[in-house]
Structures are given as structure tokens and as C-alpha cells.
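Taking it in order: structure first as C-alpha cells, then the write-up.
Nothing in this text is a laboratory measurement; each read-out follows from the coordinates by a stated rule. Quick caveat, the model's predicted, so the values are computed rather than measured. Glycine gets a Cβ as well: all are built from the backbone with ideal geometry, and neighbour counts include every protein chain shown.
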Amino acid sequence: TTTPDVPGTKFTSLSVSASWEGRNSVAVPSRGFFLRGKMEWATKELGSETRFMNLRGHGGYFLPLPWNFVLATSLQAGLIRPIQDAKEVDIALRYFAGGTNSIRGFKYDSIGAPEGGELFLSLQTELRFPIWAGFHGALFHDRGGVWGKYKDLNWNDTRWSIGGGLRYYTAAGPIAADVAWNADRKEGEDSVTFHFSIGFPF
């Protein structure tokens, strides 16, 4: 039994997680795959003040290509729903998207704001290639979305972005800088977003 520290929300939950690591390198993968999954329940029998079921999964695949190019793909999904007598999921527990690890043409957690959603999907694809010495480049396409209710899922409602990045590979992993273009910008959104990270987006 765990009691996560989520601001404004008190709950007790039971969770089960599993992972399968099949990459040739965790720091700088060039082939293989990984899978991760987690199921979580917060019920009144556990003494939880808010009650929900949460499912989350993340998978990635890495395909080596000629000239030391690598095609890398990541798919993430999350579903959280109220259970028992709960009418809705607390906003602090709902899903959002945007940022380095989901859709890079948007600021962190800006997709789905301000109320978030019960369902989240994110698909990231990168072509990684060497430039010189430890410097590598990447071209990428990200697509995903957040829906208030899982029944509202519609792939036509997803948001997407394209961009490129520069990475310097170290023994502990890359130092990465990405720039992404929001090709379908809405009012209040930036057309270009920059991201800096230690490690790959996925």
C-alpha cells in the first residue's frame, strides 16, 4: 500500500508494475525495445478519500539503420477513471501532455490544461544520426492528445509537432537540445518551442 504525495489530494492506493528491458544500452540505445506498465487502485476499502483506477503503459522500439542511423519510436498511454461512488477524478491526478517526453511543440503539460483528462496518448518518432565525434542530430515527429473522458477519444483531435535536435553523447547518456514547430498553432500557443534535457526524450 502506498500513499503518494499529490498536492490537494489524499488517497491510499495499491499498485502493481512490470517492465521488460530489451535494449542493447539503456543510456544510448541503438537496437531493441522496452515495455513498462502500471496498474493502480485507490478504493474505500483501502481508506482512500478519492477512489479511482489508473492504468499506464510506455513502450519504445529502436531500429538500427545504415550509416549508424537509428529509427526510434515511443508510445505512451494512460487511462484513469473514477470507481465505486466517486463521480470524477481529482484534477491533480488527471492527465496532461506537452513537453520533452510527449509532444515537443508544446510547453510542459499545456495540452489538456486547465482541467486535464482521463485519457492520454503520445506517439514520438525520431531519426537519430551521427554528425561528428560525440555530436549527433535528430529529426522528429510527435503526436498525441488528452481527452476529458475516455469515450471522447478521437485521433482527429490529436495535436502534433515536428522538429530537430542536437545531442552530445556521453558515457552516461546524451545532453539534448530540441526545437519543435507547432504547425497548427492555436491562440495563446507558441509556434516554436525549445527543450533542453539530460538524456533522451525516450
Note down the relative contact order for the chain as a percent, whole number, built from C-alpha pairs under 8 angstrom at least six residues apart.
15 percent
Charges on Cβ only, +1 for Lys and Arg, -1 for Asp and Glu, centred on the Cα centroid of the stretch 90-175; of 162, 95, 108, which one is farthest towards the dipole's positive end?
162
Under the Kirkwood approximation for Rh and a Cα-based Rg, what ratio Rg/Rh is obtained for the chain?
1.01
With loop defined by DSSP as not H, G, I, E or B, and exposure as at most 13 other Cβ atoms within 10 Å, which is the longest segment of the chain clear of exposed GluC sites (Glu not before Pro)?
116-186
May I ask for the distance between the Cα centers of the stretch 138-202 and the stretch 74-137, given as a whole number of Å?
9 Å
Between residue 92 and residue 198, the two model label points (7 Å from Cα along the beta-carbon direction) sit apart by a distance in nm of 2.8 nm
Go ahead and set up a Gaussian network model of the chain, Cα springs under 10 Å, then flag whichever of 170, 125, 158 fluctuates most.
170
Would you mind finding the longest exposed-site-free stretch of the chain, with exposed trypsin sites (Lys or Arg not before Pro) meaning DSSP loop and at most 11 other Cβ atoms within 10 Å?
1-86
Distance between modelled label sites at residue 154 and residue 177, nm, 7 Å Cα→Cβ extension
4.0 nm
For a quick size check, give me the Cα extents of the stretch 99-172 along its three principal axes, largest first, whole Å.
48, 22, 17
Suppose every Lys and Arg Cβ carries +1 and every Asp and Glu Cβ carries -1, with no other charges. What dipole size does the stretch 1-94 come out with about its Cα centre, to the nearest 20 debye?
260 debye
Run the count for the chain, please: Lys pairs, Cα-Cα under 23 angstrom, 8 or more apart or on different chains.
14
Listed residues 54, 24, 182; largest mean-square fluctuation, Gaussian network over the chain with Cα springs below 10 Å, found at 24
Cβ-based net charge around residue 42, under 12 Å, with every Lys or Arg adding one and every Asp or Glu removing one
0
